[in-house]
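One structure below.
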Amino acid sequence: MGVAVRPQDFKGEEAKLILSQFNSITAENVMKMGPIHPIENKFYWKDADEIVDFAQKNKLKVRGHALCWHAQTPRWLYVDQEGKTVSKDVLLKRLENHIDSVVTRYKGKIYAYDVVNEAIDDGQNTYRKSKLYEIAGEDFIAKSFEYAHKADPKAVLFYNDYNTEIPAKREKIYTMLKSLLAKGVPIHGVGLQAHWSINSPTREELEKSIEMFSSLGLQIQFTELDVSVYAGRQGGQLSNGSRKIEEAVFTPEMEQQQLEKYQMIFEVFRKYKKNITGVTFWNLSDKYSWLDGRGRKNYPLLFDKELKPKKAYNAVINF
Ligand code: G3I
């Protein structure tokens with residue numbers, strides 16, 4: 001059972017909560033390429049080291065997140081000194097250098113990686129039309145796994161994505177994984193992010209995803225679990241796109257609906273426990289969640305703003 005953390009979570013009450021409830025941690029942001037590798041020949045290791053050191057000291061596992069992602073990448077990755085877009089060869093060399101540097105530094109300390117994150121399109125296309133795809137085509141995906149495997153052959157390597165319970169996207173991810181496996185690409189698991197809400201996914205959608213991905217012989221981890229208290233996929237973003245956080249009330253109805261959703265989710269997790277090797281929550285408590293940055297306060301986790309267990313927590317642990 002894991003949780004996504006920030007270095008500032010290692011002080012006081014937060015640290016106690018992490019240590020009493022979880023045995024695995026993931027960096028919410030500080031191991032991504034932008035923060036860790038802001039300039040081509042310069043790595044900023046301090047924050048990521050802090051996460052790994054905390055885990056080592058307290059005997060926690062670490063999931064590495066994320067080696068290759070279209071978001072939070074530094075600008076230098078894609079351009080030469082004149083600002084022109086680089087060739088596929090140059091991009092892949094840079095990617096290799098990045099992946100090799102991170103995986104080598106934490107060899108034996110990080111047991112699993114989200115190697116490629118969110119490469120599949122939510123709309124009509126198969127692959128997301130990212131800068132990575134524009135320059136390197138789909139090859140950047142297989143290559144990233146090869147680079148990671150070469151740097152640490154023991155690390156468990158995941159493809160990680162969201163909306164994996166929506167049939168069209170699930171199908172595209174399944175097809176891509178099947179073809180990567182057929183080509184012998186070193187991929188060992190699929191990360192289903194699990195940014196869910198009080199009304200999605202349904203039990204059927206969730207079970208279908210677990211069964212389909214398991215049928216490929218891959219291990220499954222739920223890598224970014226939270227249950228937004230607003231209806232809609234991916235946390236139900238406000239339509240005005242405002243970043244200003246409006247305090248919203250955690251109503252008894254929300255509390256009940258969220259509790260029922262968490263209950264269902266964990267029933268399914270237990271049913272498929274042979275296929276699932278990890279569950280990671282995306283943030284620690286309702287005091288801070290990435291979903292707050294989507295316009296209004298959210299309450300997506302099992303611990304409240306005072307870090308106390310919510311009713312949903314009891315529903316999850318008592319079965
Ligand atoms: O670091 C800067 C800081 O210097 C600046 O003062 C501040 C002002 O806004 O921004 C800070 O960067 C923010 C960063 O989080 C660290 O707090 C970025 O603006 C913000 O966009 C970034 O958001 C993160 C997001 O990924 C980036 O897309 C969220 O915290 C993080 O929870 C979220 O995590 C992703 C997973 O990696 C992949 N799956 C989806 C998930 C949720 O979007």
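The values are calculated or read from the model by the stated rules, or taken from the named source; none is laboratory data. The structure presented is a predicted model; accordingly, all values stated were derived computationally and were not measured. All Cβ positions, glycine included, derive from the backbone under ideal geometry; neighbour counts span all protein chains shown. What goes into the accessible areas is simple: the full protein's heavy atoms, side chains included, and nothing from ligands, DNA or RNA. Shrake-Rupley method; radii C 1.70, N 1.55, O 1.52, S 1.80 Å.
For Ala4, which of the numbered conditions (1) more than 14 Å from the ligand (Cβ to nearest atom); (2) in contact (Cβ under 8 Å) with a residue 40 or more places away in the chain fails to hold?
Among (1) more than 14 Å from the ligand (Cβ to nearest atom); (2) in contact (Cβ under 8 Å) with a residue 40 or more places away in the chain, Ala4 violates only (1).
Can you say whether Leu77 is within 19 Å of Leu307 (Cβ to Cβ), in a helix (DSSP H, G or I), over 19 Å from the mean Cα position of the chain (by Cα) and more than 15 Å from the ligand (Cβ to nearest atom), as far as the supplied structure shows? So that I can check it myself, show each step before the final result.
Values: within 19 Å of Leu307 (Cβ to Cβ): no; in a helix (DSSP H, G or I): yes; over 19 Å from the mean Cα position of the chain (by Cα): yes; more than 15 Å from the ligand (Cβ to nearest atom): yes.
No, not satisfied.
Could you list, in sequence order, the residues of the stretch 276-319 that are in a helix (DSSP H, G or I), within 14 Å of the ligand (Cβ to nearest atom) and either touching a strand residue (DSSP E or B) at 6+ places or on another chain (Cβ under 7 Å) or of a type in the set (A, V, I, L, M, F, W, C) (or both)?
Quick first cut of the stretch 276-319, residues in a helix (DSSP H, G or I) only: 290-294, 311-317.
Now drop any that are not within 14 Å of the ligand (Cβ to nearest atom), which leaves 290-294.
The answer is Trp290, Leu291.
Starting from residues that are touching a helix residue (DSSP H, G or I) at 6+ places or on another chain (Cβ under 7 Å) and away from the ligand (no atom under 15 Å from the Cβ), keep the ones in the stretch 23-44 and report whichever is farthest from Gln8 (Cα to Cα).
Filtering first and then ranking leaves Glu40.
How many residues does the stretch 1-55 hold that are outside any helix (DSSP H, G or I), under 21 Å from Leu284 (Cα atoms) and at pLDDT 95 or above?
Qualifying residue count for the region: 17.
Taking the stated definitions as given, is Phe222 in contact with a Leu (Cβ under 6 Å, 6 or more places away or on another chain) and either within 25 Å of Tyr106 (Cβ to Cβ) or open to solvent by 30 Å² or more (accessible area, probe 1.4 Å) (or both)? Step through it out loud before you land on a result.
On the way: in contact with a Leu (Cβ under 6 Å, 6 or more places away or on another chain): yes; either within 25 Å of Tyr106 (Cβ to Cβ) or open to solvent by 30 Å² or more (accessible area, probe 1.4 Å) (or both): yes.
Yes; evaluated as a whole, the condition is true for this residue.
Take Ile135 and decide whether it is farther than 30 Å from Lys93 by Cα and β-branched (Val, Ile, Thr).
no
Count, please, the residues in the stretch 142-164 that happen to be surrounded by 15 or more Cβ atoms within 10 Å (Cβ to Cβ) and without any contact (Cβ under 8 Å) to a residue 40 or more places away in the chain. Steps first, answer last, please.
Here is the first cut: in the stretch 142-164, the residues surrounded by 15 or more Cβ atoms within 10 Å (Cβ to Cβ) are 142-149, 151-152, 155-164.
From what is left, the residues that are without any contact (Cβ under 8 Å) to a residue 40 or more places away in the chain are 149.
Adding up the residues that qualify gives 1.
Test Asp114 against the stated conditions and say whether it is in a loop (DSSP other than H, G, I, E, B) and either within 16 Å of the ligand (Cβ to nearest atom) or aliphatic (A, V, I, L, M) (or both). So that I can check it myself, show each step before the final result.
On the way: in a loop (DSSP other than H, G, I, E, B): no; either within 16 Å of the ligand (Cβ to nearest atom) or aliphatic (A, V, I, L, M) (or both): yes.
Taking the combined requirement at face value, the residue does not satisfy it.
Could you tell me which residue of the stretch 165-219 is most open to solvent (accessible area, probe 1.4 Å), considering only residues that are in a strand (DSSP E or B) and closer than 18 Å to Lys274 by Cα? Before the answer, list the steps.
Initially, the stretch 165-219 is screened for residues in a strand (DSSP E or B), giving 189-192, 195-197, 200, 219.
Checking the rest, the ones that are also closer than 18 Å to Lys274 by Cα come to 189-192, 219.
Values: Gly189: 0, Val190: 1, Gly191: 0, Leu192: 0, Gln219: 52 Å².
Among residues in the stretch 165-219 that are in a strand (DSSP E or B) and closer than 18 Å to Lys274 by Cα, the one most open to solvent (accessible area, probe 1.4 Å) is Gln219.
Looking at Met33, Met1, which is the one that is loosely packed, with under 15 Cβ neighbours inside 10 Å and touching a strand residue (DSSP E or B) at 6+ places or on another chain (Cβ under 8 Å)? Before the answer, list the steps.
Values: Met33 fails: loosely packed, with under 15 Cβ neighbours inside 10 Å.
Going through Met33, Met1 in turn, just one is loosely packed, with under 15 Cβ neighbours inside 10 Å and touching a strand residue (DSSP E or B) at 6+ places or on another chain (Cβ under 8 Å): Met1.
Which of the residues that make up the stretch 112-134 are farther than 15 Å from Ala66 by Cβ and not basic (Lys, Arg)? Even if it seems obvious, please write down each step before you answer.
To start, the set of residues in the stretch 112-134 that are farther than 15 Å from Ala66 by Cβ comprises 121-127, 129, 131, 133-134.
Matches in the stretch 112-134: Asp121, Asp122, Gly123, Gln124, Asn125, Thr126, Tyr127, Tyr133, Glu134.
Restricting to the stretch 61-83, what's the tally of residues that are basic (Lys, Arg), open to solvent by 10 Å² or more (accessible area, probe 1.4 Å) and at pLDDT 95 or above? It would help to see each step written out before you state the result.
Restricting attention to the stretch 61-83, the residues satisfying the condition of being basic (Lys, Arg) are 61, 63, 75.
Keeping just the survivors that are open to solvent by 10 Å² or more (accessible area, probe 1.4 Å) gives 61, 75.
Next, only the ones that are at pLDDT 95 or above stay: 61.
Residues meeting the conditions: 1.
Test Lys93 against the criterion of being part of a helix (DSSP H, G or I), surrounded by 19 or more Cβ atoms within 10 Å (Cβ to Cβ) and among the charged types (D, E, K, R), and give yes or no. Outline the logic, then answer.
Values: part of a helix (DSSP H, G or I): yes; surrounded by 19 or more Cβ atoms within 10 Å (Cβ to Cβ): no; among the charged types (D, E, K, R): yes.
When the stated conditions are applied, Lys93 does not pass them.
Give me a count of the residues in the stretch 124-158 that are assigned to a helix (DSSP H, G or I) and among the β-branched types (Val, Ile, Thr).
Keep residues of the stretch 124-158 that are assigned to a helix (DSSP H, G or I), which gives 131-136, 139-151.
Within this subset, residues satisfying the condition of being among the β-branched types (Val, Ile, Thr) are 135, 141.
Total satisfying the criteria: 2.
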